[in-house]
Number of protein chains: 2
Amino acid sequence: MLIGNQSWLFQNKPVIISTGVTGGPFEREGRLADDFDVLHEDLWMGEDSYEKAHRLLIEEAIQVALEKGSIQKNQIQFMILGDLINQITPSSFAARTIGIPYFGIFGACSTSMEGLALAAFILDKGGANNIVTGAASHNATAERQFRYPTEYGGQKPPTAQWTVTGAGFAIVSKQNNSNQNEPKVTTATIGKVVDMGLSDPFNMGGAMAPAAVDTIAAHFKDTGRDPSYYDLIVTGDLGKIGRATALDLFHQQGLNIMEDKFQDCGLMIYKEDQPIQAGASGPASSATVIYGHLIKQLKQGKYKKILCVATGALLSPMTVQQKESIPCIAHAVSIEI
Amino acid sequence: MLIGNQSWLFQNKPVIISTGVTGGPFEREGRLADDFDVLHEDLWMGEDSYEKAHRLLIEEAIQVALEKGSIQKNQIQFMILGDLINQITPSSFAARTIGIPYFGIFGACSTSMEGLALAAFILDKGGANNIVTGAASHNATAERQFRYPTEYGGQKPPTAQWTVTGAGFAIVSKQNNSNQNEPKVTTATIGKVVDMGLSDPFNMGGAMAPAAVDTIAAHFKDTGRDPSYYDLIVTGDLGKIGRATALDLFHQQGLNIMEDKFQDCGLMIYKEDQPIQAGASGPASSATVIYGHLIKQLKQGKYKKILCVATGALLSPMTVQQKESIPCIAHAVSIEI
């Protein structure tokens with residue numbers, strides 16, 4: 001049901017019954033390598049294009065989630081997913097392989113939580129028994145499309161971020177048939193587009209921070225909760241600069257969010273000595289960290305209540321060339337155990 | 001609620017309280033010109049890029065729908081929309097202008113009914129009071145991105161289709177407060193990706209026909225209805241070739257759909273003497289014809305029950321270059337008065 005202006009409360013609390021998380025060679029060297037189900041040794045993954053490797057990451061993540069959830073494809077009514085590539089073809093081609101009725105979505109790096117919010121709403125209200133949802137990105141496809149082919153060796157400023165190669169998917173279910181100790185989706189807040197006039201595509205974290213803060217503030221207003229309700233508030237890919245900006249904005253707005261309870265997936269996934277500049281980015285940043293690392297931590301009892309805020313920069317190479325500023329968005333979903 | 005494997009029955013029958021439909025110079029010369037609210041005299045529309053004109057079409061369509069519905073932006077909880085352009089930037093930039101919480105979706109030319117299905121489900125279940133949803137395309141932005149800039153003057157085979165310049169939007173409401181004689185959204189069927197191995201991007205109607213037939217067959221199976229239930233079954237942009245293929249497939253599958261009750265938006269919007277080859281296409285094909293022409297015909301009593309089947313070809317220029325076949329999808333929504 002609608003609460004406040006832009007949030008949903010899920011009365012039947014849909015359950016994340018299983019997840020599947022895949023990654024590439026850079027993630028294999030990262031801090032959260034143990035939280036991935038499949039890690040490839042190279043960016044090609046046995047395919048003859050990076051785009052096909054991108055599609056493979058999605059197919060494998062869904063396949064793993066199906067196996068871990070002991071569920072058949074024909075028990076799942078819908079799939080809701082997206083990615084960064086033009087016309088989200090890796091997602092649509094994976095949907096062709098999987099064969100489940102398909103909603104394509106686009107929210108750039110906010111896609112993971114746009115999908116989980118929609119999936120949870122549909123399940124909460126009996127529109128499906130099971131839905132598979134998630135998001136993916138591939139470093140080499142994103143570099144080629146948004147910047148230059150990696151072979152070009154273009155340099156980047158320290159504010160730039162590193163696109164995660166990976167896919168994170170969850171099977172979300174109307175009800176929990178087996179184990180009571182499963183993560184439940186309890187609320188969602190859908191973001192507005194926020195644009196503070198920043199136009200540097202090499203500082204997307206800074207551009208996205210106001211959108212994250214806008215959605216987090218709306219979440220507390222709509223739900224009547226305050227920051228102390230959560231053990232962790234985690235953003236998708238603000239990186240170092242965006243996270244610092246968001247903390248400043250919380251302070252300015254009188255939102256009392258403690259620094260150690262406010263983390264960013266883009267600062268969790270890699271080790272400090274990996275050359276990722278300001279942090280990780282891409283739809284797979286939040287999708288792999290939330291569905292891999294954080295769901296595991298919820299199950300292990302480290303957290304009981306987390307708010308996952310996936311952030312997206314809704315630009316394209318053409319809008320940058322046309323001197324537009326960067327519209328940003330964030331969607332928040334709370335997961336509790 | 002879920003009925004069958006891939007359909008929803010909307011028990012509270014969300015109402016289309018108003019629509020806004022905009023178009024360009026080619027649509028101004030077309031057969032349905034009287035059903036557009038705003039028609040521009042040139043493709044630039046006073047903007048300095050075609051992409052900005054594309055965004056303007058969306059903003060104007062939503063503005064008209066708000067005015068005709070006598071509804072304020074702050075009474076609308078969500079907007080659900082998409083388009084064909086990379087990273088759906090015309091939609092995201094319009095969402096920045098309008099300022100309503102935003103779900104970006106991508107289903108190529110099936111976007112209009114993907115959005116209406118989601119909007120109707122959310123409204124039916126109390127997830128919002130009002131939602132604005134729709135889709136748009138612009139001939140010159142699509143030509144530049146998918147083929148060549150129009151200035152290049154490239155020739156096309158007779159199987160090619162003409163991208164509609166326009167935007168079609170609807171404000172859909174949880175309940176009908178005023179007039180009982182408003183179109184209601186009663187069911188939706190979400191399509192699977194269907195790919196019969198066709199790979200010619202200049203014959204997308206032929207590629208999309210099997211997806212349309214798959215979704216229509218699933219709709220009848222899930223709802224227990226048969227073709228005689230509807231006064232009209234209308235596809236989005238199959239064009240001449242796709243429509244003929246679909247009729248053949250109906251016959252093969254024993255689906256008794258009469259030829260005069262099976263129409264295609266892509267064959268309705270332009271006059272016979274306009275040089276559109278096999279018909280119109282683009283997300284605006286179904287969006288402008290359904291929200292402009294057909295909603296008017298429902299209100300005028302010409303039809304009582306229609307099934308709107310928006311069809312999408314989920315390709316990109318890169319997938320064509322990489323010699324992939326064309327995955328296609330169709331989503332069906334029934335509208336009754």
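The values are calculated or read from the model by the stated rules, or taken from the named source; none is laboratory data. Just so it is clear, the model here is predicted, and its values are computed rather than measured. Here the Cβ positions follow ideal geometry from the backbone for every residue, glycine too, while neighbour counts run over all protein chains shown. These accessible areas exclude ligands, DNA and RNA; they are computed on the full protein's heavy atoms, side chains included. Shrake-Rupley method; radii C 1.70, N 1.55, O 1.52, S 1.80 Å.
Assorted remarks:
- Residue that is farthest from the other protein chains (Cβ to nearest Cβ), among those in the stretch B:174-198 that are under 22 Å from A:I100 (Cα atoms) and not in a strand (DSSP E or B): B:L198
- A:P14 being open to solvent by 10 Å² or more (accessible area, probe 1.4 Å), in the same structural domain as A:Y102 (by TED's automatic domain parsing) and more than 16 Å from the chain's Cα centre (by Cα): no
- Among residues that are free of Cβ contacts under 8 Å to residues at least 60 places away in the same chain and not charged (D, E, K, R), B:Q274 is not included.
- Scanning the stretch B:143-192 for residues that are modelled with pLDDT under 95 and in contact with an Asp or Glu (Cβ under 6 Å, 6 or more places away or on another chain) returns B:T150, B:N176.
- Residue match in the stretch A:319-331 (condition: more than 13 Å from chain B (Cβ to nearest Cβ) and open to solvent by 10 Å² or more (accessible area, probe 1.4 Å)): no
- Elements of type helices (runs of 4 or more DSSP H) in the stretch B:209-316, at least 3 residues being open to solvent by 10 Å² or more (accessible area, probe 1.4 Å) and either outside the structural domain of B:A53 (by TED's automatic domain parsing) or over 27 Å from B:N86 (Cβ atoms) (or both): B:239-252, B:295-299
- Cβ-Cβ distances below 6 Å connect the following pairs, each with a first residue in the stretch B:239-261 that is at positive phi, a second residue that is outside any loop (DSSP other than H, G, I, E, B) and surrounded by 15 or more Cβ atoms within 10 Å (Cβ to Cβ), and a separation of six or more residues or different chains: B:G239/B:G205; B:G239/B:G266.
- Residue in the stretch A:119-135 that is farther than 29 Å from A:Q11 by Cβ, out of contact with any Pro (no Cβ under 6 Å at 6 or more places or on another chain) and not β-branched (V, I, T) present: no
- Those residues of the stretch A:1-38 which are free of Cβ contacts under 8 Å to residues at least 12 places away in the same chain and either more than 14 Å from chain B (Cβ to nearest Cβ) or of a type in the set (D, E, K, R) (or both), in sequence order: A:A33, A:D34
- Exactly one residue among B:L43, B:L2 is touching a strand residue (DSSP E or B) at 6+ places or on another chain (Cβ under 9 Å), open to solvent by 20 Å² or more (accessible area, probe 1.4 Å) and not aromatic (F, W, Y), and that residue is B:L2.
- Test result for B:R55, touching a Phe, Trp or Tyr at 6+ places or on another chain (Cβ under 8 Å) and surrounded by fewer than 22 Cβ atoms within 10 Å (Cβ to Cβ): no
- Look at (1) modelled with pLDDT under 95; (2) open to solvent by 20 Å² or more (accessible area, probe 1.4 Å); (3) more than 14 Å from chain A (Cβ to nearest Cβ) and you find that B:G206 fails only one, number (2).
- Meets criteria (surrounded by fewer than 24 Cβ atoms within 10 Å (Cβ to Cβ) and facing another protein chain (nearest Cβ under 7 Å)) for B:G99: yes
- Residues in the stretch A:1-60 that are within 19 Å of A:P90 (Cα to Cα) and assigned to a loop (DSSP other than H, G, I, E, B): A:G24, A:H40, A:D42, A:L43, A:W44, A:M45, A:G46, A:E47, A:D48, A:S49.
- Failed item in (1) under 19 Å from B:A313 (Cα atoms); (2) open to solvent by less than 10 Å² (accessible area, probe 1.4 Å); (3) in contact with a Leu (Cβ under 8 Å, 6 or more places away or on another chain), with B:A160 passing the rest: (3)
- So A:M318, is it at pLDDT 95 or above and not acidic (D, E): no
- Every residue from the stretch A:78-128 that is over 18 Å from A:N139 (Cα atoms), hydroxyl-bearing (S, T, Y) and part of a helix (DSSP H, G or I): A:S92, A:T97
- Residue check, A:L267 under 23 Å from A:L198 (Cα atoms), at pLDDT 95 or above and of a type outside the set (S, T, Y): yes
- Matching option when the condition is surrounded by 24 or more Cβ atoms within 10 Å (Cβ to Cβ), β-branched (V, I, T) and within 13 Å of another protein chain (Cβ to nearest Cβ), among B:T141, B:T165: B:T141
- Restricting B:I122, B:I80, B:I85, B:I171 to those that are under 21 Å from B:R55 (Cβ atoms), at the interface with chain A (Cβ under 8 Å from one of its Cβ atoms), in contact (Cβ under 8 Å) with a residue 40 or more places away in the chain and open to solvent by less than 20 Å² (accessible area, probe 1.4 Å) reduces the list to B:I85.
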